[in-house]
Amino acid sequence: MPIRAVLWDIDDTIFDYAGADRTGMRLHLEGVGLPEAYASVDEALDGWKAITDRHWARVAAGETDFLGQRRDRVREFLSRALTDAEADDWFAGHVTHYEAAWTLFPDVLPALDRLAPDYRHAILSNSSTGHQHRKLTALGVRDRFEAMVCAVELGISKPEAGAFHAACEALALDPHEVAYVGDEPDIDASGAVAAGLTGIWLDRRGRGGRSDLVRITGLDQLPGLLAGDTRFGAPDTFG
């Protein structure tokens, strides 16, 4: 059967999370000062990203929750013992700047417009429903997606097959009727394939090196791929 729906990741797929997070933290540090552990702002920003990646992995593994990972990130970044309230207060300063920098990638709306007549659309995210609903609403695209399934409420995360299957169930479609698009080769594309979906790795940074995956480097390539205008199903088709 043909692909009938596209299931989307959000962060660093349609929303420039890395760019907004880095901009937000840079502006926050201008106000609160550089933590003692870092010699420069760029070093601190790289450290913040590494800490963020590590603690989101803990969320995916079920070792902590959404608020817990935020607080632990702040404590590790500052190398200080903080109460929950102190960590929340520090993080709130970052959030103000981070949310002001929210933006879609420029290829998102054109791709959604081209795909809208032929495919249904939904979200599968390893974050929380409330957070991602507010984000997509602020970005003006929440109404583009008929369903949203998030790991925090679901209780399981990508790349577990159950997460992908729950999103397919929300669409009342079988996995083989759904394509999943995400920026992580293992969590997103490989996880989708293992769950019986068509997994597509959106390799915006041009990392390459995964000949086992269907790969695109921009969403402008997605409509043609789904329509069969390219060698859909052949690994590493683009770039």
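For region 222-239, the count of residues that are in contact with a Lys or Arg (Cβ under 8 Å, 6 or more places away or on another chain), hydroxyl-bearing (Ser, Thr, Tyr) and modelled with pLDDT under 95 is nonzero. For region 1-25, the tally of residues that are crowded, with 17+ Cβ neighbours inside 10 Å, in contact with a His (Cβ under 8 Å, 6 or more places away or on another chain) and not in a strand (DSSP E or B) stands at 3.
Which one of these is within 17 Å of residue 25 (Cβ to Cβ), among the acidic types (Asp, Glu), modelled with pLDDT of 95 or more and open to solvent by 80 Å² or more (accessible area, probe 1.4 Å): 46, 72?
One residue alone meets the criteria, 46.
Confirm whether residue 52 is outside any loop (DSSP other than H, G, I, E, B), β-branched (Val, Ile, Thr), open to solvent by less than 20 Å² (accessible area, probe 1.4 Å) and closer than 20 Å to residue 151 by Cβ. Quick ask: steps written out before the conclusion?
On the way: outside any loop (DSSP other than H, G, I, E, B): yes; β-branched (Val, Ile, Thr): yes; open to solvent by less than 20 Å² (accessible area, probe 1.4 Å): yes; closer than 20 Å to residue 151 by Cβ: yes.
Judged against the criteria, residue 52 is a match.
Cβ-Cβ contacts under 9 Å between residues 6 or more apart (or on different chains), taken from a first residue in region 69-80 that is assigned by the TED database to the domain that holds residue 43 to a second residue that is among the basic types (Lys, Arg), are listed as 69/58; 72/58; 73/54; 74/80; 76/54.
Of all residues in region 130-144, those being touching a helix residue (DSSP H, G or I) at 6+ places or on another chain (Cβ under 8 Å), open to solvent by 10 Å² or more (accessible area, probe 1.4 Å) and at pLDDT 95 or above number 4.
Could you tell me which of the residues 196, 130 is at positive phi, of a type outside the set (D, E, K, R), over 13 Å from the mean Cα position of the chain (by Cα) and outside the structural domain of residue 53 (by the TED database)?
Numbers: 130 fails: at positive phi.
Just a single option satisfies the conditions, and that option is 196.
Pairs linking a residue in region 16-39 that is within 15 Å of residue 100 (Cα to Cα) to a residue that is of a type in the set (D, E, K, R), with Cβ atoms under 7 Å and 6 or more positions apart or on different chains, are 17/11; 18/12.
Scan region 101-132 residue by residue and report those that are more than 26 Å from residue 174 (Cβ to Cβ) and of a type outside the set (D, E, K, R). Of everything in region 101-132, those that are more than 26 Å from residue 174 (Cβ to Cβ) and of a type outside the set (D, E, K, R) turn out to be 101, 102, 103, 104, 105, 106, 108, 109, 110, 128, 130, 131.
The values are calculated or read from the model by the stated rules, or taken from the named source; none is laboratory data. As the structure is a prediction and not an experimental result, all values here were calculated from the model. Glycine also receives a Cβ, built like all others from the backbone with ideal geometry; neighbour counts cover every protein chain displayed. All accessible areas refer to the heavy atoms of the entire protein, side chains included, with ligands and DNA or RNA removed. Shrake-Rupley method; radii C 1.70, N 1.55, O 1.52, S 1.80 Å.
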